[in-house]
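What follows is a short report on a single structure.
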Amino acid sequence: MKFGTVAIIGRSNVGKSTLLNRLLGEKIAIVSDKPQTTRTRILGVVHVPDGQIAFLDTPGLHKPQYLLNRRMVKTAVEALEEADIVYVLMEATSLPGPGDLAVVAHIKEVTAKRPCPVILVVTKIDAVNRMKLLPVLESYTRLFEWTEVVPISAQVDDNIDQLLAVTVPHLSEGEGAYSDDMMTDQTMRTLAGEIIREKVLQATEQEVPYSVAVEIDQFKEEGRLARIHASILVERETQKGILIGKQGERLKAISTQARQEMEQLFGMKVFLEVWVKVRAAWRQDEQTLSNLGY
Ligand SMILES: Nc1nc2c(ncn2[C@@H]2O[C@H](COP(=O)(O)OP(=O)(O)OP(=O)(O)O)[C@@H](O)[C@H]2O)c(=O)[nH]1
Ligand SMILES: [Mg+2]
C-alpha cells in the first residue's frame with residue numbers, strides 16, 4: 001500500500017477547490033469567482049488502486065488584513081509545511097504576477113528547510129487559446145525547479161488523470177491513514193454552513209462576500225429529514241439590507257438554492273431557516289472566529 005498527503009497551495013482564485021472537487025468526483029469544497037472563498041483546510045481522500053492520497057485544500061495565500069485573514073494564511077502555510085507532496089496552482093489565464101511570486105517565495109523557504117516534491121499545476125487551460133498556452137507554461141516553469149509541471153482543467157476534466165499518475169510515484173510505502181469509505185473530514189453541519197455561504201458569495205458583490213460568515217444554530221436529523229437553522233453574520237446594517245433584498249427576495253433565493261444543494265448532497269429532505277444578523281467587526285474577534293472554526 002502507498003500513502004501520502006498532498007497540500008493544494010496557491011494564491012486566491014486559481015482553482016484549488018475546483019481541483020479538489022474534481023479529484024474526489026464530489027463537491028465538498030465551495031467555489032466562487034470571488035477571492036478568499038476557502039477559509040479552512042479541507043481534507044479529501046482519494047482511494048487509488050494501490051493506496052490512498054489525502055488532499056488538503058487550503059485558503060489562498062494573500063496579504064492578510066484582518067485577524068480572519070491572518071488565520072487563513074496560517075492554515076495554508078501549516079498545510080504546506082506538513083504535506084509530503086505540494087501542488088502549487090497557477091492559472092493559465094494570466095502571466096505570473098506578484099501573488100504567484102509570493103507563493104514561490106513561501107515554497108522556497110519551506111523546501112529549503114525540508115525538501116519534498118513540488119508539482120506545478122497550471123490550471124484553467126480550457127479558458128486559453130492553445131497557441132498562447134505554451135509561452136504561459138514556459139513563464140511559470142521558469143519560476144522554480146518544479147518536480148513536475150502538469151497543465152490541467154478541473155472544470156472540464158482535462159489531464160487530471162495525468163496529474164494523479166505523476167503523483168503516485170511520490171507516495172510512500174505505508175498503510176493508508178483513513179478507512180476505505182472515508183472521503184472528507186467535513187461534517188454535514190459544516191457543509192450546510194459552507195453551502196449557504198457559497199450561495200451568498202454568488203449573489204453579492206464588493207465587500208459583502210468578505211464580511212459574511214454562516215453559523216449553524218441547529219442541525220437536527222429526523223429520519224430522512226434535516227432541520228437546519230442558520231444565521232448569516234454580516235458586519236453592518238447596510239450589508240444586512242443587501243442580503244435580505246427587496247421584500248426578502250434575495251435571502252429567499254439564497255436559501256432556496258442552498259436547500260436544494262443540501263438535499264442533493266445529503267440525499268435527504270431539508271427544512272432550512274435562515275436569519276441575517278449584524279455582528280460588527282467579527283473578522284477581528286478571536287472568540288467569534290474560533291466559534292466559526294476559523
Ligand atoms: N475556466 C475555468 N475556470 C475555473 C477552473 N477551475 C476553477 N475555475 C473558476 O475559477 C474561480 C475560482 O475557483 P476556486 O476553485 O474557488 O478557486 P480557489 O483557488 O479555491 O479560490 P480561494 O478559495 O478563494 O483561494 C471560480 O469561478 C471557478 O469556477 C477551470 O479549470 N477552468
Ligand atoms: Mg478555494
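At-a-glance table
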{"item": "Convex hull (Cα only) mean projected area of the chain, reported in nm² to one decimal", "result": "16.0 nm²"}
{"item": "Packing-based exposure ordering (other Cβ within 10 Å, fewest first) of Ile107, Ile216", "result": "Ile216, Ile107"}
{"item": "Members of Lys34/Lys113; Lys74/Lys113; Lys16/Lys74; Lys199/Lys240; Lys27/Lys74; Lys220/Lys240 lying beyond 22 Å, as alpha-carbon distances in this model show", "result": "Lys34/Lys113; Lys27/Lys74; Lys220/Lys240"}
{"item": "Pair-distance profile P(r), taking every C-alpha pair of region 188-291, with 10 angstrom steps and integer %", "result": "15, 49, 29, 6, 0"}
{"item": "R0 of 30 Å, Cβ-Cβ distance Gln206-Glu263: FRET efficiency to nearest 0.05", "result": "0.45"}
{"item": "Highest-MSF residue in the chain out of Glu249, Glu235, Glu91 [GNM, Cα springs under 10 Å]", "result": "Glu249"}
{"item": "Contour minus Cα-Cα distance for Glu82 and Val156 (0.36 nm per residue)", "result": "23.6 nm"}
{"item": "Cα-based Rg and Dmax for region 32-146, where Dmax is the largest Cα-Cα distance (Å)", "result": "15.0, 44"}
{"item": "Kirkwood Rh and Cα Rg combined as Rg over Rh, evaluated for region 128-239", "result": "1.11"}
{"item": "Loop-located trypsin sites (Lys or Arg not before Pro) in region 64-171 whose Cβ has at most 10 other Cβ within 10 Å (DSSP)", "result": "Arg142"}
{"item": "Arg11 long-range amide H proximity, modeled H, under 5 Å", "result": "Leu61"}
{"item": "Inter-site label distance for Gln287 and Thr238 at 7 Å from Cα along Cβ, in nm", "result": "2.8 nm"}
{"item": "Chain lengthening between Ala280 and Phe219 when straightened (0.36 nm per residue, less Cα-Cα)", "result": "19.4 nm"}
{"item": "Relative exposure of Phe144, Phe271, judged by other C-beta atoms within 10 Å (fewest first)", "result": "Phe271, Phe144"}
{"item": "Theoretical gain in end-to-end length, Thr187 to Asp50 [0.36 nm per residue, Cα-Cα removed]", "result": "46.6 nm"}
{"item": "Helix axis angle, 98-113 relative to the chain longest principal axis, alpha carbon, degrees", "result": "60 degrees"}
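Read-outs throughout are calculated quantities, based only on the coordinates presented, and are distinct from any laboratory measurement. Everything quoted here is computed from the prediction, not taken from an experiment. Ideal geometry is used to build each Cβ from the backbone, glycine not excepted, and the neighbour counts take in all protein chains shown.
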